[in-house]
Amino acid sequence: MRHTLAGLAILLVLATAAAAVAASPSDAWLEGYVAAVLERELKLPTPSLRVRGGVVTLSAGDLAGVDPARVRSLLGGIRGVARVEVVPEAAPATVSVAATAPTEAPATPSPEAPLVISDYQTGLLPGGTLFKPLIADPRWPHFAASYQRYLRDPTLTDVANVSFGETFALLRERYWQTWWEFGVQAGVFAIFDLNAVSKDLINADYFVAVPFSLRHDDLSAMLRIFHQSSHLGDEFLLRTKARRLNLSYEALDVKTSYDVADWLRVYGGAGYLFATDPANLQRWSLQYGAEVASPWPGRAAGWRPIAAVDVQHREENHWSSDFSARTGIEIDGVLASRKMQILFEYFLGRSPNGQFFKQKIEYFGVGAHFHF
């Protein structure tokens, strides 16, 4: 049953991704979305922006010294954009705007209002998510690979940690100034013993969730119901004769997040387990953390330093702290419009890996993380 759920989750994610790629956004939506991207990523107002047939056209005079190649790279990865054209400031496209309105007309509509409305697409299979990924959460579904060096551990020293997964919004709508969406979230988390002859798979956790998210200005929240099951690797079982524990559960959790500033985010939440195996697992958990994105060297550079901490407490472990910290750089526009993070990691607490949840571990690591 657990394998069937995991397989269905992965198929659902793939089908959702394929449908999202196939959907072709309208020029009007693309124009609003591109304007929002330029405002958020480069702090550029673009009164000359036009989108026709997927071709983005804007005036060089709007770029305020930003390298046109950087703009093309940033916008070229947006789904539905055929190409990006930066025309000279005196081009007809710019003159036509001036000819149809007073000189100050482009600045008359408040740039904030349309950007807020256009920032998130509504309807089926919209892009992005309202609740942003938690950078330092060891169990947030995304694509990643990292090397971890365990300290003073009797069984593990050099470990490869990989994860495969993502969050997709299936439906999003807007009610007054509040956005809401529901979607699907799925992932697989696995660790391998690099010191074993065959690089044994130690443990794999399968995760699938249905999240419901809200966002109002800088405040966002996510409520989700999810299933997780854990499985030990065959080589590891044969080599160590470890006693297998059939760990699986369903759970409900809620998280809230607040963007204190452009460079600071704080969050917190709680969770409750039900339908657990073994049945005597304690149910409650708490989670909180913070993330910092450096304002230097600026979004126009295409990269920035970031840092995050995540702390979790579980009733099963007598409310002891599981502390995770990550810091490094975030690079925009890698693999089309995706973000890549190169992060150094530190963890101290009870293991997040399946049936080892009672074991206290400590490790340093470094890894690459990708977010859609």
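The values are calculated or read from the model by the stated rules, or taken from the named source; none is laboratory data. Model, not experiment: these values are computed from the prediction. Glycine gets a Cβ as well: all are built from the backbone with ideal geometry, and neighbour counts include every protein chain shown.
The single residue among Trp176, Trp140 that is surrounded by fewer than 20 Cβ atoms within 10 Å (Cβ to Cβ) and either assigned by TED's automatic domain parsing to the domain that holds Pro352 or more than 15 Å from the chain's Cα centre (by Cα) (or both) turns out to be Trp176. Suppose we filter the range 253-265 for residues that are surrounded by 14 or more Cβ atoms within 10 Å (Cβ to Cβ), in a strand (DSSP E or B) and not polar (S, T, N, Q); how many remain? Counting residues in the range 253-265 that are surrounded by 14 or more Cβ atoms within 10 Å (Cβ to Cβ), in a strand (DSSP E or B) and not polar (S, T, N, Q) gives 6.
Checked against (1) in contact with a Lys or Arg (Cβ under 9 Å, 6 or more places away or on another chain); (2) surrounded by 15 or more Cβ atoms within 10 Å (Cβ to Cβ), Ser146 passes all but condition (1).
Condition check: assigned to a loop (DSSP other than H, G, I, E, B), within 21 Å of Tyr120 (Cα to Cα) and either modelled with pLDDT under 80 or of a type in the set (D, E, K, R) (or both). Does Gly80 satisfy that? The answer is yes for Gly80. Taking the conditions (1) at pLDDT 75 or above; (2) within 26 Å of the chain's Cα centre (by Cα); (3) outside any helix (DSSP H, G or I) in turn, Glu85 satisfies each one other than (2).
Taking the criterion of being buried (at least 16 other Cβ atoms within 10 Å of the Cβ) and under 32 Å from the mean Cα position of the chain (by Cα), the residues of the range 232-249 that qualify are Leu232, Gly233, Phe236, Leu247, Ser248, Tyr249. Residues of the range 286-305 that are aromatic (Phe, Trp, Tyr) and closer than 14 Å to Pro133 by Cα: Tyr288 alone. Restricting attention to the range 181-215, the residues being hydrophobic (A, V, I, L, M, F, W, C), under 20 Å from Arg239 (Cβ atoms) and buried (at least 17 other Cβ atoms within 10 Å of the Cβ) number 7. Scanning for something assigned by TED's automatic domain parsing to the domain that holds Phe356, within 24 Å of Phe357 (Cα to Cα), among the aliphatic types (A, V, I, L, M) and assigned to a strand (DSSP E or B), does the range 224-233 turn up at least one residue? The answer is yes; a qualifying residue exists. Taking the criterion of being in a strand (DSSP E or B) and either over 11 Å from Tyr147 (Cα atoms) or under 18 Å from the mean Cα position of the chain (by Cα) (or both), the residues of the range 352-365 that qualify are Lys360, Ile361, Glu362. Taking the criterion of being over 13 Å from Gln228 (Cβ atoms) and part of a strand (DSSP E or B), the residues of the range 177-189 that qualify are Thr178, Trp179, Trp180, Glu181, Phe182, Gly183, Val184. Listed by first and then second residue, the pairs with beta-carbon distance under 7 Å, at least 6 apart or on different chains, first residue in the range 211-234 and β-branched (Val, Ile, Thr), second crowded, with 20+ Cβ neighbours inside 10 Å, are Ile225/Ala209.
Counting only strands (runs of 3 or more DSSP E) that sit completely within the range 267-351, those holding 1 or more residues that are crowded, with 19+ Cβ neighbours inside 10 Å and touching a His at 6+ places or on another chain (Cβ under 7 Å) correspond to 284-293, 338-350.
Is it the case, given these coordinates, that Leu156 is over 15 Å from the mean Cα position of the chain (by Cα), surrounded by 16 or more Cβ atoms within 10 Å (Cβ to Cβ) and assigned to a loop (DSSP other than H, G, I, E, B)? Considered against the rule, which asks whether it is over 15 Å from the mean Cα position of the chain (by Cα), surrounded by 16 or more Cβ atoms within 10 Å (Cβ to Cβ) and assigned to a loop (DSSP other than H, G, I, E, B), Leu156 comes out as yes.
Val116 fulfils the conditions (1) surrounded by fewer than 20 Cβ atoms within 10 Å (Cβ to Cβ); (2) at pLDDT 95 or above except for a single criterion, (2).
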